[in-house]
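Trainee: This is the structure, below, for whatever I ask next.
Each reported figure results from applying straightforward, stated rules to the coordinates on display, with no laboratory input. Not measured: the values here are computed from a predicted model. Cβ: placed from backbone, ideal geometry, glycine included. Neighbour counts: every protein chain shown.
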Amino acid sequence: MHNTVKKPVLAVGPFHPLQEEMEFFQLTIDGEKVTDIDVRLSYNHRGIEKISETLQFDQVPYLVSRICGICSASHPLAYVQAVEELAGIKPPDRALYVRTIINELERIHSHLLWAGLAGHFIGYDTVFMWAWKYREPVLDLLEEITGNRNNYGNVKVGGCREDVPNEIIPKLLKELDALEKKTEMLTKAVLDDPILHARLKGVGVLHKEDAIKYAVTGPTARGSGIAIDVRRDDPYAAYAELDWNVITQSEGDVFAKAVVRLLETIESIKIVRQALKKLPDGPISVEVKEIPPGEAIGHAEAPRGETFHYVRSDGGNRPIRHKVRAPSYVNVPSFKASCIGQDLADVTITLAAVDPCYSCTERLAVVDSHNMITHTYETLLRLSQEKTQRIKKDIGGPELKMEDL
Amino acid sequence: MNQQELDKKLSEVKNKLTGIERKSDKRIYLLCEVQNSYAINKFLFEGVGCRFVIATGIDSDNCFEVLYHYSYDETGCVITIKAFIRDRKQPAIESLTPFLPAAEWIEREIHDVLGIDFKNHPNLRRLILADDWPAGVYPLRKDLPKAN
């Protein structure tokens, strides 16, 4: 006879070696309900902050762009803004517009990537196929401008490395028009789908009070009714000169976060189009001499939220301290507020809703100590997809065979 | 609150500060000693309604510094509390986690990399160092021996 009852723990992780955020979630479950969550991370800590102290100021952007492949424009941007503030450097106007264009293209491809993955997690592979298909031309545009699909390496202290050539602007505008139509169609399809409403509304709710306590940022905050956006609150690059809106939703559930991201994608297309049309002539960088002693901060709105960099200099050619905070660092701990009390089948999408680069879940395993069944990532994914199917059936949607998923 | 009202509000904790550095309208640094850090942080988060961004731990020449960065999003002002820990042998500072869950991870991280103790932290386990990392070796301290 057992006289102690062990709580079943669902292990998500530890990590996927291809992802930049290695996470290990341990969910305590009672039947179908999640009763606690514990997060362990840093399985692949690369010591970026320490390495940064060994590099010269102009080498660091290439290091920090490797923090994350998807956010490889926002990290170096936040860093160079800190150094420019420290040294009182003002980059030329054209560079500010080029930075805006690249950062918004990054947001578009990142949000579409998320929409696709989210679709897959709930068994909506059509959304996955569409979103990723529409994302592909955005990467091509980035490649045309910077030479790379990711890790653009385009921003430097004092300006940019590569210009947006005037000759390709008509082509970029044409591609944007095509992308806008497709994104609008995808957005409408998602917003009008009764099954997605039933599946995602009220799931993984992060209340506004919790969002403030956990200091979440980006679409995670805006989906909980907190209208913050560094692009508007502390304008950088060319955002203050362009016309765009901060998208918010008040519900805080997974659906709200999806709506925020989809509508933001359309705003981003608007921003890129305006920036291309208003692109001023002139040089794209200024000469930078010495970085004086001092300290400064730089922050930028990455697709997942605020990216924050703090740089301190002693007057030498290397930073003596460089602190980096990626948005997921504050978004991920909010799982404690959004997952507890949820159904197991909803956890996959709730954890994915803050967009923490979620293919980490390839190594998901569940140990249910009541009956010693070990589930894998596949069975959990199936649980989530089956729930969508049940809802579909209840609503009277077309029946899908599991083999089709 | 606009920027002027924010400045006025910040002056409420003036007696707890050792200095204010104002690098621009949107970058304010509040300097304090370790014993006042908790009260000033609580004031910024609960009294002013700032958003906690992150904390930075620094091994300075003769002290440790813990910088708490806050953003007042209404005006886009970034306010940094710079707390000096003079005791280099047993550096310790009051934890903010009991009223600010967002600080839990970064306090654990600073504890890992600089060996600063966060008093009353509910869960000061390792966050970023591996389980088999030797105790008492702090990777961001300046006196860390260089690897060969």
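Trainee: Sequence-distant or interchain residues sharing an amide H contact under 5 Å with B:Asp117, placed H: which?
Mentor: Under 5 Å from the amide H of B:Asp117: B:Ala92, B:Ile93.
Trainee: Please report the orientation-averaged projected area of the protein assembly as shown, defined via the convex hull of its C-alpha atoms, in nm².
Mentor: Numbers: hull surface 108.6 nm².
For the protein assembly as shown, averaging the hull's shadow over all directions gives 27.1 nm².
Trainee: Restricting to DSSP H runs of at least four residues, report the calculated mean residue ellipticity at 222 nm for chain B, -39500 (n - 2.57) per run over all residues, nearest 500 deg cm²/dmol. It would help to have the intermediate numbers written out before the result.
Mentor: Numbers: 3 runs with 25 residues, N = 148.
-4500 deg cm²/dmol, from helical runs alone.
Trainee: For the range B:3-91, with only Lys/Arg (+1) and Asp/Glu (-1) charged at the beta-carbon, what is the dipole magnitude about the Cα centre, in debye rounded to 20?
Mentor: 120 debye
Trainee: Separate question: Nearest 20 debye, what's the magnitude of the dipole of the protein assembly as shown about its Cα centre given +1 on Lys and Arg Cβ and -1 on Asp and Glu Cβ? List each step's numbers first, then the result.
Mentor: Details: 70 positive and 80 negative charges, 122 e Å.
Dipole of the protein assembly as shown, to the nearest 20 debye: 580 debye.
Trainee: Further question: Out of B:His69, B:Pro91, B:Val13, whose Cα points farthest toward the positive end of the dipole of the range B:3-91 (charges: +1 Lys, Arg; -1 Asp, Glu; placed on Cβ)?
Mentor: Comparing the listed Cα positions along the dipole, B:Pro91 ranks first.
Trainee: Would you mind working out the magnitude of the charge dipole of the range B:1-40 relative to its Cα centre, with +1 at each Lys and Arg C-beta and -1 at each Asp and Glu C-beta, to the nearest 20 Debye?
Mentor: Working: 8 positive and 6 negative charges, 18 e Å.
The dipole of the range B:1-40 has a size of about 80 debye.
Trainee: What net charge is computed for the residues neighbouring B:Asp131, neighbours being all others with C-beta under 11 Å from the C-beta of B:Asp131, Lys and Arg scored +1, Asp and Glu -1? Write down the numbers at each step before the final one.
Mentor: On the way: positive: A:Arg40, B:Arg125, B:Arg126; negative: B:Asp132.
Summing Lys/Arg as +1 and Asp/Glu as -1 gives +2.
Trainee: Please report the net charge: other residues with Cβ closer than 10 Å to the Cβ of A:Asp36, K and R +1, D and E -1. Don't skip to the answer; put the middle values down first.
Mentor: On the way: positive: A:Lys7, A:Lys336; negative: A:Asp30, A:Asp38.
After counting each charged neighbour, the total is 0.
Trainee: Moving to a separate point now. Mind listing which trypsin sites (Lys or Arg not before Pro) in the range A:209-290 are in a DSSP loop and have 11 or fewer other Cβ atoms within 10 Å?
Mentor: Sites meeting the loop and neighbour criteria: A:Lys289.
Trainee: Could you point to the residue in A:Ala131, A:Ala198, A:Val98 farthest towards the positive end of chain A's charge dipole, with +1 and -1 charges on the Cβ of Lys/Arg and Asp/Glu respectively?
Mentor: A:Ala198
Trainee: A further question on this structure: Net charge near A:Val205: determine it from the other residues with C-beta under 11 Å of the C-beta of A:Val205, scoring Lys and Arg +1 and Asp and Glu -1.
Mentor: Numbers: positive: A:Lys201, A:Lys208, A:Lys257; negative: A:Asp210, A:Glu251, A:Asp253, A:Asp346.
It works out to a net charge of -1.
Trainee: Taking the 0 to 90 degree range and rounding to the nearest ten, how far is the long axis of helix A:254-278 tilted relative to the main principal axis of chain A, both from C-alpha atoms?
Mentor: Helix A:254-278 sits roughly 20 degrees off the main axis of chain A.
Trainee: Here's another thing I want to ask about it. Looking at the range B:3-91, what % of its DSSP beta bridges pair antiparallel, to the nearest 5?
Mentor: Details: 22 of 29 bridges.
Around 75 percent antiparallel, to the nearest 5.
Trainee: Whose amide H sits under 5 Å from the amide H of A:Ala238, counting only residues 5 or more places off or on another chain, with H placed in the peptide plane?
Mentor: Here the answer is A:Thr100, since their amide H atoms fall under 5 Å of that of A:Ala238.
Trainee: Still on this model: Per the helix-only calculation at 222 nm, which mean residue ellipticity applies to chain A, given -39500 (n - 2.57) for every DSSP H run of n ≥ 4 and division by its residues, nearest 500 deg cm²/dmol?
Mentor: Rounded to the nearest 500, it is -14000 deg cm²/dmol.
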